[in-house]
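In what follows, a structure is listed as structure tokens, so that the remarks can point back to it.
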Amino acid sequence: MWRSVVWKLERAGRGRTDVHLSCLPKITQSQESATFVAANTEGFEKQGPLNAIPDARSNFPSKAPALCFQPPHFCTTFPQLDELLSQLGQSFPPNLTHGSVYTSEMPFMYGMKSAQARAYASVAMEAVESSDEEVEVHAVGDLLGTAELKVDPKMKKKRQKLYRRQVKVETEAWQQAAAEYREVIVDMCRKNLAPNLPFAQALLLGWFEPLRDGIIEEQKAYQRREQREDRSMYGPYLAQLPADMLAVITMHRLMGLLMSDMDNGSVKVVHAAIQIGEAVEQEVRIHQLMKKKKKHMELKTGGTERILLSSKGDEVITGQNVDITSDSMREKVKKLVKQNKLRRVDSILRHASTDEPWTAAIHVKVGSRLLELMMETSFVQPAADQECPDVLDLRPAFTHTLKSHHMRRNLNRTYGVIECDPLVMLEINQSVRHMVMPYMPMLVHPRPWLGFNEGGYLHLKSSIMRTQGTKEQRMAVMDTPRESMKKVMEALDILGGTSWRIRAPILDVVEKMWADGGGLANLVDANDVGLPEKPETEDMEEWRRWRFSASEAKRTNKERHSIRCDTEIKLAVARKLRDEEEFYYPHNVDFRGRAYPMHPHLNHLGSDMCRGLLEFAKGRPLGSTGLYWLKIHLANLCGGPVGKMSFERRVAYTDNHMDKIFDSAERPLSGLRWWLLAEDPFQCLAACMDIRDAILSGDPSTYVSYLPVHQDGSCNGLQHYAALGRDWDGAQSVNLTTGDQPADVYAGIAERVRLIMEKDVLKNPLTNRNAASAQLLNGQIDRKLVKQTVMTSVYGVTFVGAQIQILSRLKERGLLADSIDMYRAAAYAAKVTLDALGEMFKEARCIMVWLGDCAKIIASAGHTVKWTTPLGLPVVQPYRKDTRQLVKTSLQVLALRSSDENQPVLVSRQRTAFPPNFVHSLDSSHMMMTAITCKKAGLTFAGVHDSYWTHAGDVEQMNVMLRENFVELYEQPILENLLKGFQEQFPGLAFPDIPKRGDFDLKEVLKAPYFFN
């Protein structure tokens, strides 16, 4: 067992480096062959056995800037560490700061990056010998950046326990679920009675054993080489996991898809087969990894050989190309280590795996056979109150059918679906409590991002970018030098390093309201809407209206079902995390560079309920300004006209409602329930509780707050366009300039729309179609009606999209009884709103048109549009014509879609998508720049695209930083660099000149109080 070792390195003078050992590691017999190496610019200058270090205070030669231990590889850093690491076959991570902790493919590495840290540094090194129950602690999150890293024994033990739990969550989730099913079955048999289980859990339990037995028979049939179509294709893959794990994966994946599907109890075969196949592949890799690790730990080998077997961290190191377990290869690798040719050793180990990614065809063949077995073995029994000749009869829980989708005139497309029985459908939203969710928030600090697939979760598949299966984008990122992407990786590490916890009082309120049927605080109603009765008349118009109403009711019920399942999933995650002191969300980016948590359910990008349930795990005192910003935050959450007041008036609004705030905090469900009137009720309730606690503390400045406080951009897309075009009028309308109160671009557009409609109202409805719609909308035009359309206009919203947005707002108000008239009125309002936008933001439109024209020129020449963000992230628009591959499975022939880089580009899609994608890449750059700056200043930071979060006491400091970063971003020649990049990529193409820009001074942003507010 290695003990903790603390090194203190000092630059004693120009010619000498002192290395002080606070304590030596305990030398065991198996570690006596370990070596230390002192390295310099000329290579490895001095080495010897670990127990030969002469003294705890050792002066090494003046040219020895680094010290390396083996095993495992421990390094401290000075100016030549990069060269040392290159000799070890590694490279120094770009995102480290003084005292930070880093895990690479070598077990542990702690180092510094800055010039000061290279001259004066303190680094701690620790390792824990691995076993089946104990693994290496690679992250010490809250010790990052400390001057001298010392680990408290209790804290170290606690972190090791958390790390072991995290590994179990990632590697044993399916196995644990299978074990729980087995235990219940054993308990049933022992007691000779059925367990008292909820119906949803009883369903899963009833399906588990028959499905498991069916998979076992399938595996035996493959081993006996029994002939069956495609068995030789999927058989080898089914044989790589125990049958009980395959059964759990199949059940839970299928039920999860049915819960999230909007098609009322059915899911496409191709989607289900792919997801099940991918889940099986991932579990196979984890299963093999853990078996290899256990085997390696059982080997009784010397110290040097042990390095060889584990120097890849926990990577699988056996394969067809290189058999690392053969005696000859072991001897060869040992010899290379003795010769210090570690780069060659690393190369051998890196290529020693045969685990090629499974193809989509393999995924669907494996998934289809498991689905077929599920349908053959899963049954439900009708309830006693259902109309059935014999309630003891069993019927299939799932069936395979075909559906047709009308594409266009004379063209229908047929596809296969898996449908579940209505009895299953009734209970499916309750089954989420028993579902396995592999990508849960992490209990320990995520791994730092070091490459495309290096970072995030410890063992689960993690990629720095969501490439949507596009090889062109993936290769663009992988081919980019890490140094060029260091700021992107650093920002993702900062976002992933923010620790969270569940706000238990809010969870209690949500649980009570949900148990009472929902329907309040934006929670979906537990009941479906009733279907309209069929008309008794023969009037065709009346029947047409009935069909339309019935269709709307069915669609609403489908939506409610989907939202209910989604809410259950979010609450299930919150329940699991309720007692955790802290957890983390590893982040990655989409192809445009926007950052997202990798856990998809309960996160701070979610709904008001999700945000209300989350708070920072580490608190900060409010200080002199924190209570002020808490009051503004609560006013913002109330929404409506309050959020458009000046800061002083918002504070006054909160003060004037202090009695209701206290009532809401103390009696959220039995009091006046004022918080339910807020636009974001659960976040409002959390703010009420925080304000109440701060005031009751006696000294609000010392009150420690955990509540995230938001600063949101004012129509952020238009802010970016105004900065790009130096548009003074646009800048004023979106708060890039000073003002006594915030400008409201949505209210400005709404006023223009209202003026146009007032003219149309006076026209004759018999001769003017718009007149009738204008009369229906008279008095309904306000900022809320047009807000979503204005926000998304800069991101390329179409007329149809704008119509759907406005229609949703009108339906929420319930003021238009006739659905057909409401549909026409929404179309009219959408057209008028888009026309008003074009008049107000002419310069933004010019830049949008220029961006679209450039994209059209590139796409028309047969190329995808590519550019690099200001932070160095390469972006490739993935829009190409899909290819279809027909794969015959045990269920049906499936058509797999893929985007091949040899396929022609979609010119229209490349053109229309480029302006919004480009602006998204800029707002992501601004957010990442702000995250890095806040981290350096010691602030907690979380970001939701154009909404930046920190503690209330740090809002003013963050406000300064986000403005400075915005100015720094747009002082760069962004459009000039974009055009230059296009010209260098496509020298044979001619591009239009950049549109003329205005005279807006970016420095005005530094003084703009409502830029983010």
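The table for this structure:
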item	result
Separation in nanometres of the label points that stand 7 Å from Cα toward Cβ, at Lys461 and Ala202	3.7 nm
Percentage, to the nearest whole number, of Cα pairs in the stretch 807-904 over 19 Å apart	70 percent
Estimated FRET transfer efficiency when R0 is 35 angstrom, pair Thr401-Asp213 (beta carbons, to 0.05)	0.85
Accessible-area order (highest first, 1.4 angstrom probe) of the listed residues Asp528, Asp993, Asp821	Asp993, Asp528, Asp821
Area of Val832 that stays accessible when all protein chains are in place (1.4 Å probe, Å², to 10)	10 Å²
Over 24 Å (Cα to Cα) - which of Lys292/Lys576; Lys534/Lys558; Lys268/Lys866 fall in this group	Lys292/Lys576; Lys268/Lys866
Coil-residue GluC sites (Glu not before Pro) of the stretch 530-568, DSSP, other Cβ within 10 Å capped at 11	Glu533, Glu536, Glu538
Trypsin sites (Lys or Arg not before Pro) within the stretch 905-935, DSSP loop, no more than 12 other Cβ atoms inside 10 Å	none
Two-decimal Rg to Rh for the stretch 555-693 - Kirkwood Rh, Cα set	1.01
Alpha-carbon centroids, the stretch 604-624 and the stretch 945-1006: separation in whole Å	29 Å
Net charge, Gln719 excluded, C-beta distance under 9 Å - Lys, Arg +1, Asp, Glu -1	-2
Dimensionless Rg ratio for the stretch 435-588, taking C-alpha atoms and the 2.2 N^0.38 Å reference	1.57
Proximal charge balance of Asp900 [Cβ under 11 Å; K/R count +1, D/E count -1]	+2
Lys, Arg +1 and Asp, Glu -1 on Cβ, resulting dipole of the stretch 813-921 about Cα centre, debye, nearest 20	320 debye
Kirkwood Rh (inverse of mean 1/r, distinct Cα pairs), the stretch 726-805, angstrom	14.3 Å
Protection proxy ranking, peptides 718-726, 695-703, 623-631, average beta carbon neighbours within 10 Å, highest first	718-726, 623-631, 695-703
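The values are calculated or read from the model by the stated rules, or taken from the named source; none is laboratory data. No experiment lies behind these values; they were computed from the predicted model shown. Cβ: placed from backbone, ideal geometry, glycine included. Neighbour counts: every protein chain shown. Only protein heavy atoms, including side chains, enter the accessible area calculation; ligands, DNA and RNA are left aside. Shrake-Rupley method; radii C 1.70, N 1.55, O 1.52, S 1.80 Å.
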